[in-house]
Amino acid sequence: MFYLWKKVVLLGDVLKHDRDRNSIRIVVTVLIIGAVLIGLYLLISEGNGETNGDGGGNGGGNGETITGIDFRLQGFEGGSLGGDARIRAVGIGTDSLKIRIDKVGAEDILILNYEENAEYAYTGTSWLKLPITQSSPYSGIPFEQWAQEGPGTYEYDYQNFSIKVTINEVNPSLQDNLFSAPENAKVKEVETE
């Protein structure tokens, strides 16, 4: 949670100097996606959820080293859809982890590239680049654990909340250009102190 608070302060400083609506959308996108991922991580890693899965179970159990995953994450509260994202990650278990989160039904994108030490956020019209801090919670997300379940759909329930994880592919072949802003894009860089 300290990481998210630090991002709020940093992004608040950006907004002091740039108050356009697009910057506000970027801030909101980064914070919402971050909160969803952290919530999912805490829900599943603490073992509070019950797993109801229909997956094939041929993930990493066959001795294959898991280095990447492509999955869809849907969060529900009281049966209503609260968030929907496609998440792709490569470099799992390494210092060069790369994560791309595309909000389904929108052009919002969040990219975390540990190799470049950069977070990229896109809202359909502009890109923002922030440095990744050492306290980033994203590197602790248990992608490998989920990938071991293999392709399929799994539900995790906790009280009035449920999360549906649909694993599309384990160790997908993904292009490097998915994990940074497009080459010709105008990217606004934000520095931290």
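Every condition in (1) outside any strand (DSSP E or B); (2) at pLDDT below 90 is met by residue 51 except one, and the failing one is (1). Of the residues making up segment 169-193, those that are out of contact with any Phe, Trp or Tyr (no Cβ under 6 Å at 6 or more places or on another chain) and in a strand (DSSP E or B) are 169, 170, 188, 189. Considered as a group, the residues in segment 89-140 that are surrounded by 18 or more Cβ atoms within 10 Å (Cβ to Cβ) and in contact with a Leu (Cβ under 6 Å, 6 or more places away or on another chain) include one that is modelled with the lowest pLDDT, and that residue is 138.
Does residue 164 meet the test of being touching a residue at least 60 places away in the same chain (Cβ under 8 Å), in a strand (DSSP E or B) and under 16 Å from residue 111 (Cβ atoms)? Taking the combined requirement at face value, the residue does not satisfy it.
The values are calculated or read from the model by the stated rules, or taken from the named source; none is laboratory data. Being a predicted model, the structure only gives us computed values, none of them experimental. Cβ atoms come from the backbone with ideal geometry, glycine included; neighbour counts cover every protein chain shown.
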